[in-house]
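Have a look at the structure below before the remarks.
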Amino acid sequence: MRITSTSCICPVLVCLCFVQRCYGAAHHGSIKVTRNQTKHTEGETEVHHRPKRGWVWNQFFVLEEHMGPDPQYVGKLHSNSDKGDGSVKYILTGEGAGTIFIIDDTTGDIHSTKSLDREQKTHYVLHAQAIDRRTNKPLEPESEFIIKVQDINDNAPKFTDGPYIVTVPEMSEMGTSVLQVTATDADDPTYGNSARVVYSILQGQPYFSVDPKTGVIRTALHNMDREAREHYSVVIQAKDMAGQVGGLSGSTTVNITLTDVNDNPPRFPQKHYQLYVPESAQVGSAVGKIKANDADTGSNADMKYTIINGDGSGVFSISTDKETREGILSLKKPLNYEKKKSYTLNIEGANTHLDFRFSHLGPFKDVTMLKIIVGDVDEPPLFTMPSYVMEVYENAKIGTPVGTVTAQDPDTANSLVRY
């Protein structure tokens, strides 16, 4: 008995069925019962006995998602015992027999009555038997065969993990790997190109590129500067059929943020500053602030302020506010307008966390000059002595002069003192 797998589904399947029929025993595990033969010695006649009946079967194919008005033809069962007089009855059992797959018990033709989805079930295992219609006795041993659901491109690639959020350091070398995205296709990867995915970039050029085979996203430009642009929205497409026209596609979004590196030196907005400090300022008090700007963020913008020279380096000190990154100027010694009316300080602001890859962009420090004007304050008069000792006779008359005390105005104006 033979199971003929010739089908009119498509020209390719017809060719496959033909190959299977011709070479099934060698390549597809076809079962064929061989004849009983006796070979005599030379000169004797070779005697051929009647061969045992047996199945010759192959794997059948049925196209998934068949939407035609008529049942889809799958294949044909045929027994060597079938003389075409209707005495042979073909019986089909197994997965889907009688519901999905029906057989003409006289001709052995098998049809599929329902639309099948390969992604739900890839194949069906069935059993075929030929019996004598009058006696109901088997003419062939029962044989097992497979109907495989043939894939069509009915599933678009999908990105299961998107949208993606990822970072890459600014100023990275061109070609730096950012992320690998992967799209899956539910179609059969072993048949045709239905599940062969090719990646392309729809949005995000010329800043980024994607490897069409691996889905690895890389930087595509030199010296991408976070301070110029920090956020990028990249759209990646995955297309099956190896990217050919007619393939199905899916897309995902990759949100890329450039992270900061220390590639910007600190800079004072002005090269000269002036600060007014009254002479009455208390020692240890903060008398002013100064700040250098740094376009970087986080620790890359941290800096330290130092008084590097000037005639006021012994009178003033400077510290760094870590929160505001400002230089806080404090008074170390008391001021006296009448003795010195101004001071000059050279102040340096320098980054504390250097990245030597970008040392050529430095130096990562800057210097400015600060002139401090001491303000005159109206001070009280000062006596010439802290205390006086005077003598007077006990019998002195009222109005008798006892002594003299003297006070002066320490201010420049030297105003008249009243006692």
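The values are calculated or read from the model by the stated rules, or taken from the named source; none is laboratory data. The structure presented is a predicted model; accordingly, all values stated were derived computationally and were not measured. No Cβ is skipped: glycine too gets one built from the backbone with ideal geometry, and neighbour counts run over all protein chains shown. Protein only, heavy atoms only, side chains kept; ligands, DNA and RNA dropped before computing areas. Shrake-Rupley method; radii C 1.70, N 1.55, O 1.52, S 1.80 Å.
Output the 0 to 90 degree angle, nearest 10, between the alpha-carbon long axis of helix 11-27 and the longest principal axis computed from the alpha carbons of the chain. So the inclination is approximately 70 degrees. By definition, a body whose alpha carbon gyration tensor gives a ≥ b ≥ c is prolate when a/c is 1.5 or more and a/b is larger than b/c, and the range 272-375 fits this prolate description.
Note on the range 158-259: Cα-only Rg and Dmax are 14.5, 50 Å.
A 1.4 Å probe over all protein chains sorts Ile398, Ile91 by accessible area into Ile398, Ile91, starting with the largest.
Select from the range 296-405 those trypsin sites (Lys or Arg not before Pro) which occupy a DSSP coil region and have at most 15 other Cβ atoms within 10 Å, ordered by residue number. Passing sites in the range 296-405 are Lys322, Lys332, Lys339, Lys340, Lys341, Lys397. Given the pairs Lys121/Lys213; Lys114/Lys239; Lys289/Lys341; Lys89/Lys148, which span a C-alpha to C-alpha distance of over 22 angstrom in this model? From Lys121/Lys213; Lys114/Lys239; Lys289/Lys341; Lys89/Lys148, over 22 Å: Lys121/Lys213; Lys114/Lys239; Lys89/Lys148.
Summarising the label geometry, the points placed 7 Å from Cα in the beta-carbon direction at Leu221 and Met390 lie 8.8 nm from one another. One quarter of the convex hull surface built on the alpha carbon atoms of the range 106-163 amounts to 6.1 nm², the projected area averaged over directions. Sparsely packed loop sites in the range 292-390 (the chymotrypsin sites (Phe, Trp or Tyr not before Pro) outside DSSP H, G, I, E and B with at most 15 other Cβ atoms within 10 Å) comprise Tyr388.
Of all the options Val283, Val74, Val405, the one that moves most in a Gaussian network model of the chain with Cα springs shorter than 10 angstrom is Val405. Calculated from the structure, semi-axes √(5λ) of the Cα gyration tensor in Å equals which of (i) 108, 21, 17; (ii) 36, 23, 19; (iii) 47, 25, 21? Answer label, from the structure shown: (i). When the Gaussian network model of the chain links Cα atoms closer than 10 Å, the mean-square fluctuations of Tyr393, Tyr73, Tyr273 top out at Tyr393.
Remark: the chain carries a charge dipole of roughly 1080 debye about the Cα centre, counting +1 on each Lys and Arg Cβ and -1 on each Asp and Glu Cβ. Starting from the Cα of Lys291, draw a straight line to each of the aspartates and glutamates and keep only those under 14 Å, dropping any in the same chain fewer than 8 residues away. Qualifying aspartates and glutamates at Cα under 14 Å: Asp302, Asp321, Glu323, Glu326, Glu348, Asp366.
If you stretched the chain out fully between Lys332 and Thr99, how much longer would it get, using 0.36 nm times the residue separation minus the C-alpha to C-alpha distance?
Gain in length upon complete extension: 73.9 nm.
Note on the chain: with a GNM built from Cα contacts shorter than 10 Å, the maximum mean-square fluctuation among Glu338, Glu144, Glu326 falls on Glu338.
Would you mind classifying the range 56-150 by shape? Square roots of the alpha carbon gyration tensor eigenvalues, ordered a ≥ b ≥ c; an a/c under 1.5 is rounded, otherwise it is prolate if a/b is larger than b/c and oblate if not. Working shown, then result.
On the way: a/c = 2.48, a/b = 1.89, b/c = 1.31.
Because a/c hits 1.5 or more and a/b exceeds b/c, the range 56-150 counts as prolate.
Could you tell me the distance between the Cα centroids of the range 109-167 and the range 347-419, to the nearest Å? After rounding, the separation between the Cα centres reads 102 Å. Take every Cα pair under 8 Å whose residues are at least 6 apart in sequence, average their separation, divide by the length of the range 274-402, and the relative contact order is 30 percent.
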